[in-house]
Every structure is written in C-alpha cells, then in structure tokens.
Amino acid sequence: MSHHGRRGRGHGPTVQVVGAAPGANIPAGEEAPSLTVTMLGAGQEVGRSCCVIQHRGKTIVCDAGLHPAYPGLGGLPFIDELDWASVDAVLVTHFHVDHAAALPYIMEKTNFREGNGKVYMTHATKAIYGLTMMDTVRINDQNAESGQLYNEADVQASWQNAIAIDYHQDIVVSGGLRFTPYHAGHVLGASMFLIEIAGLKVLYTGDYSREEDRHLVIAEIPPIKPDVLICESTFGVHTLPDRKDKEEQFTTLVGNIVRRGGKVLMPIPSFGNGQELALLLDEYWNEHPELQGVPIYFASGLFQRGMKVYKTYVHTMNANIRSRFARRDNPFDFRFVKWLKDPKRLDHSQPCVVMASAQFMSFGLSRELLEQWAPDPKNGVIVTGYSIEGTMARTLLGEPDHIESLRGGNNIPRRCTVKEISFGAHVDYRQNSQFIQEIGAPHIVLVHGEASQMNRLRAALRDTYATRGQEINIHTPRNLEPLTLTFRTERIVKAIGSLAEERPVHGAEVKGLLVSKDFSYTLLDPKDLRDFTGLSTSTIVQKQSLPIGVDWSVVRWYLEGMYGEVEDGKDEEGRETITVMNAVRVVRISDIEIQMQWVSNTSNDMIADSALVVLLGIDTSPATVKLTATKKHSHSHSHSHGEGEGHDNHEGDDELRDANADFETLHMFLEAHFGDVTHPETQVAEGDEDNLLVMKVTVDGVVATVDLISMKVECESDELRKRVEGVLEMALTTLTPLSRLFAGQGIEQVDEGTEVAAAA
C-alpha cells in the first residue's frame, strides 16, 4: 500500500491510499469492471453517427444522426436496439445532419421521454441545431414519399429540452458520471467530449479538425489522458494537400471556369465549410478586380439566417476573426458574396458562382442546378466536402457519362467538369495519427469511416507503433457489434481529516470509516464524519431482560463453563455484573431478574445470541438441579473463617491445580500421537533447572523437548519437530477458552448509547 500526500479542498489534509495497482488480480467472485461500446450507426460506415457507451450501470449516447443516403426510417440509427429510457445523457458533438438529425425522433417518439436522460450540446450548436432541423423537416415535406420522421413541433420540443453548455465546463450528470466539452474545430460549435464514468475516462471526438482555417480554432488536446479514445476515421490513410496549396488550387479553378464563360456549382451544407468558402471567395474577388463583375451567390435561406448565429459566436472562433471583429471589421459582412433569395431570378446565361444545398446533391437546389448545368462543358462542379457512399456527390466523382434526373424521363448527359477539393474540416491520416499518439490512450476505437478506409488506417497505425516497439489496441466495431473492454483499474481511497494529519510511512496500516459515494471512496475517523460528509454516527445499545430462578453463582458457573473466563464487577448503581468476552455485560437486577447489555454490532450480536441461549437454558438443565442441591448442602456444613484467612493460599492452590490439569491434557494429546512422552517435573534439584516444566517426546530414539513455559519445541529432526508443533498447536487451541480466542468490540458505550429495549 502506498500513500501520496495531497491537500483536500477546504477540508484539511488528505492522503491517497492506493488499494490495487493496474493489472492487479481481481478477487475471486468479483468481476473486473468492463466498458461496452456499441455503434448504432457510423460503425464501419459514414452517416447516422450514434455511439452507445455503457459502464457501471451508466449509459451515454454520443450523437444521433441520420444517414443522408437513406430516406425515411431507413436513415435512422438502429434505435430499436437500445432502451432509451435507461440513457443517462445524450451528447451531441455538432449540428450536421449525420450527427444530430435523429435527435427529434429519439426525444419525442421513443421511450427516452420516460427516463431521466438529458441532451447536451454547446450554445452555438444548439443555436444552429434548431435551424438545420427545421430545414430537415422542410426537405422531408418536399419528399413525402419517403415518410415524415417528425414535424416542426417535435423539433421545437427537442430544441427546448436540449441543455446548452460551454467549452471546458465540468458537467456532473449523476453520481459517478461527468463530462467536459473541448473544441473540435470542424464547424462552429463542434466539440469533443471527455467522459468520466466511475473514474474511467473516454474521449469521443466526433468529427474534428487539427487544421486552423479562416474562422475556426483547431481541435484541442485535453489535459487528461483517457483510457479509451473513440475517434473518426473518415479519410483513412489519405493525406490531404497543404491548406495554402488547396486554397490556391480552389480559387484558380473557380477563376478559370468563370473566365471561360461557365458557371460554378458548389454543393455545400448550409453551415460549416460554406462559411469558410464564402470568406475565401470574398477575399479572392477583392484581390482580383477583373472578376468582380461575376456574381457569387449562396442560395440558401438557412445560410442567410445562420450568418446571424456566426456573428453572435465570434468569441468562439480563432484569433484572426476575433481581432478583426474587435476592430469593428466583421468578416461575415461579405462584400461580393450575396444571398440568392429567389433562385428563379438567377441568370443562367451569364457566368456565376453558386453555393447551394444540399451538400450531397440528392435533392434540393444543388440537384436542380446540376441537372440544368451538367450538359454544358463550360460549367464546372466543385465538390468541397466529404461525399458519403450512395449519394449523388459520390456518384458524380466517378465522372459518369449520364446522371439520373429526379424529374423523370431520360438520363441527363454529363459534360461539365467535376473536381473534388475537400474543405470538409476532417483530419487526414497525418493529423489523425499524430493526434492519436498525443492522446496516448491504450484503446483506440475507430468509427465514422468506410470499412476499407478504416482497416487501412488500423494497419498503418499498428505499423507506426510497432516500429517504436509499442503495442496498441485498435478496434473497428461494426454496427450492432458490441465492443467490450475490461479494465483492471487501481482502487484509490482518500484518507482525510485527522487520519491525514500525519503522512503515514509506506506499508503502514490505516484504519477508519470507509465512505463510498459515486464510485469514490473516502477513509476518515468516525469523529470527523459530520464535518466532512454531513453524516453522523449513532450507537445502539441492546438491553435484554430475563427472568431467572437460580443463584447468581450458578449463572456465573454456566457462563464460565461456556466461555472459559468471565470478568466480575459492578455497574454504576452498585449492581453485580459479569462481562463475557469483552462484549456482553450480564447485570443482576434482582434475585429473580438479570439483564444482558451490549453495544450492537456484528460480533457483539453474535456473542449476545450465544449467551442468551446459555442463560435461557439454565432453568431446564439437569445440571442446575445438581448444582443447587450441592450449594445448599455445602452451606449447611459451612464453617466460618477469619476475614481473609487462607485466601491467598487457596488462590495459589487453584492456579497450580489449573496448570497441572492443562499439563495433563497436553500430555494426553502428545501421548496419543507419539506414545513415549514424559510427565513434566514441577520441582527439580538445584542445577537441574533445564528439566523444569518440560516434556520429552521420543520417537525411534529421536527426542523432542517441549518447553511448557514458552511452548517451544527443540529437536534435531526438523520433521519430528514440525509434527510435535502441529499437535501442540491443536492441543492449545482446544484448551484455550473462547474468551481468549476472540473478544468483542467493547462495552464502554453501553451506558452512553441509544437504548433499544427488547423485553423478553
């Protein structure tokens, strides 16, 4: 046991008592605590992120998104596999559809409402969540054949019940469960969550970015090392170009398309990289006057409304944005990027740049413009974000000759150029592997990635660690495939109060009252209980009255016969008492009544039960009749002696008789086992003291000498010595009275405790 000094918060000193180091064996019959991670979505896929974390009876769900490639109920996570009423907390990392759009359905149409679970997201995420979910309802209404998952009332109810939190805020959900959000980059308001359940720490990243762009901060490295890291693997082993090179490539491509008289379509989400691209294009147009006659539009009312949120949460963005805002230069007041309020007024005969939703071009204005502009080779489509499998954006990257029309009829020829320049704000391989190594968690769980990309990333990470001679546990669970991780964590007890006033030495025994709360343990002196916990201790004193029909000396005889030794005395009122095993006091109330008194606890109650059985059996025992008759006979023939006459001699004779009786019993045990055993000499001649009170055991000519004073055995043969010691130990155990083998936990509080009378 080791001890680490540490001061408590406002309560004086504390001492940390480590009960078991990591890897220590768990006692038999006790299971090691395990953590279960189950993906209801985003397990070896991108879309409908939903990660369930369970440990020590706590259930946390991270994200609840829809799959953009699947309509209606098919886009939901596998929500039927979880009892949502048992969920303690739902943590939403950001507002994107594939991470948050299933939330209204879960909160309003499952039994989540019957439980005590809460939903948490950052302030910025909550502000944009309401807008994006209303837009999702509008899109669902336009595609009625896929079925409506929820309506505006459901979105409003879910928005109102979501709890907005700040970055770095320590949120205590319930006993033993807490979490802290950290910046994740990616989009405004995005966060990763460091979750602590009963001391076990899990970092869930969601989508994150380690590359600072024009308005967002990069993902943070939490100051606390987690036991498990659950992180995205979107780009697998791909390494993206340098940001400056990527921006130059993007602006050059846009300029070339409009210079040749073409129109540029950029499918974007209403929030996220759309704002980043608007900042970039507005700056590029400002530097190139020859392009300023070409309009740049964002064709999304949601984008327009969301700009108010972006202007509100400037304080959460990077230093560049904050400094410009401090100079009253709001970068989101665009000069060249304008809102296309009515898409019907767009002039299709002139070059232009249009940023339109939906991002994956499966529906919405981006799909309409694609179908109109695809046949013209002067036009161009720039895919600026990650494209999910099964969407039109992913299909288009394959440069098909024709695309399917949502309006029916023949397929549409595709002659426009298609280029992918990702501004998706996801980590690439270099950033992801570096982040994983900096976090240093012993278990890595890869999610939010296609199976092939995820497996390549796992292999690359293993190779990286292997070259350093390190081992790493990397897991890639599929949807509905529970991942169970077992941890043998150290148990820490904090000794506080008077127990911690002096730092104990290593290996010292620390005794106190162990208080368990929320999977943490505190050791303290009982007298400190009220000061440190608000609790108090009480003492229960049991008093059991019994009728008795025999002399007090008979009561003593029975108790002494059962327990070997008893202690005579008197209480505060002068009444005679007999104390049994330092646990139970028997008080002589009158000639016909006695009372048992003891402080109630496990050991004392056991001794009291046995004493009660002895006392209740006195009146019906045949030995009582004989004892009573003997007492009467001896009293009728008694002779008076002078006060104190012969008392010391009688006491000494009694002790000698008891000792001789014990020696004879020992001799009997040894003789039964070995045969040839001498009797002890109680008197020896001068110079022969070595033979005083010893027994000699002879076996096959080998002699073992037993010293009856020290109870030590001497013999040249180790085998014989051990055999004699074994028999001697058995004999001593048999001879020793119960009162010497076991003692109760004191009777000092009998007169002070709380009385609980149990009348018989």
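Annotations
- Ranked for footprinting exposure by Cβ neighbours inside 10 Å, fewest first, Trp159, Trp285, Trp552 give Trp552, Trp159, Trp285.
- Multiplying the residue separation of Asn660 and Lys338 by 0.36 nm and subtracting their alpha-carbon distance yields 104.6 nm.
- The smallest convex shape that holds all Cα atoms of the chain, its convex hull, gives 279 Å³ per residue.
- Percent antiparallel among DSSP beta bridges (both partners in segment 186-245, rounded to 5): 60
- Ordered by the number of other Cβ atoms lying within 10 Å of each residue's own Cβ, fewest first, Ser498, Ser191, Ser590, Ser387 fall into the sequence Ser590, Ser498, Ser387, Ser191.
- Sparse-neighbourhood loop sites, trypsin sites (Lys or Arg not before Pro) in segment 429-477 - DSSP loop, at most 13 other Cβ within 10 angstrom: Arg468
- Label-to-label distance, Asp245 versus Gln372, with points set 7 angstrom from Cα along the beta-carbon direction: 3.7 nm.
- Short-range pairs are left out: with C-alpha atoms under 8 Å and at least six residues apart, the relative contact order of the chain is 13 percent.
- Rounded to the nearest 500, the helix-only mean residue ellipticity at 222 nm of the chain stands at -9500 deg cm²/dmol, with each DSSP H run of n ≥ 4 adding -39,500 (n - 2.57).
- Proxy reagent accessibility, fewest Cβ within 10 Å first, across His426, His475: His475, His426
- Anisotropy class assigned to segment 145-282 is oblate, per the alpha carbon gyration tensor with a/c at or over the 1.5 cut-off and a/b no larger than b/c.
- Beta bridges by DSSP in segment 243-420, antiparallel share as percent, to the nearest 5: 10
- Segments 607-619, 327-339 sorted - mean Cβ within 10 Å per residue, highest first: 607-619, 327-339
- Stretching Met711 away from Val505 to a fully extended chain increases their span by 70.7 nm, per 0.36 nm per residue minus the current alpha-carbon distance.
- Cα long-axis angle, helix 273-287 against the chain (0 to 90 degrees, to the nearest 10): 40
- Helix 622-636 axis, angle to the chain major axis (alpha carbon atoms, nearest 10°): 40
- Between 0 and 90°, nearest 10: helix 123-142 axis offset from the chain longest Cα axis: 60
- FRET efficiency, 1/(1 + (r/R0)^6) with R0 25 Å, evaluated for Ala623 and Ala672 via beta carbons: 0.35
- Antiparallel bridge percentage (DSSP; both residues within the chain; nearest 5): 65
- Annotation for segment 659-691 versus segment 525-541: alpha-carbon center distance of 54 Å.
- Sparse-neighbourhood loop sites, GluC sites (Glu not before Pro) in segment 30-128 - DSSP loop, at most 14 other Cβ within 10 angstrom: Glu30, Glu31
- FRET efficiency, 1/(1 + (r/R0)^6) with R0 22 Å, evaluated for Asn116 and Ile163 via beta carbons: 0.95
- Just so you know, the Cα atoms of segment 659-737 work out to an Rg and Dmax of 12.1, 35 Å.
- Segment 659-737, relative contact order [Cα under 8 Å, separation at least 6], %: 25
- For Lys527, a cut-off of 22 angstrom between C-alpha atoms picks up these lysines, skipping any fewer than 8 places away in its own chain: Lys494, Lys511, Lys517.
- Gain on full stretching of the segment that runs from Tyr521 to Gln350 - 0.36 nm per residue minus C-alpha separation: 54.3 nm
- Calculated FRET value between Tyr70 and Asn411, using beta carbons and R₀ = 22 Å, to 0.05: 0.45
- Computed from the C-alpha gyration tensor, the three semi-axes of the ellipsoid equivalent to segment 540-630 are 21, 15, 12 Å, from longest to shortest.
- Site pair Val684 and Thr698 shows an inter-label distance of 1.7 nm when each label is modelled 7 Å from Cα along Cα→Cβ.
Every read-out reported here was derived from the displayed coordinates using simple, explicitly stated rules and does not represent laboratory data. These figures come from a predicted structure and were not determined experimentally. FYI the Cβ positions are ideal-geometry reconstructions off the backbone, even for glycines, and counts take in every protein chain you see.
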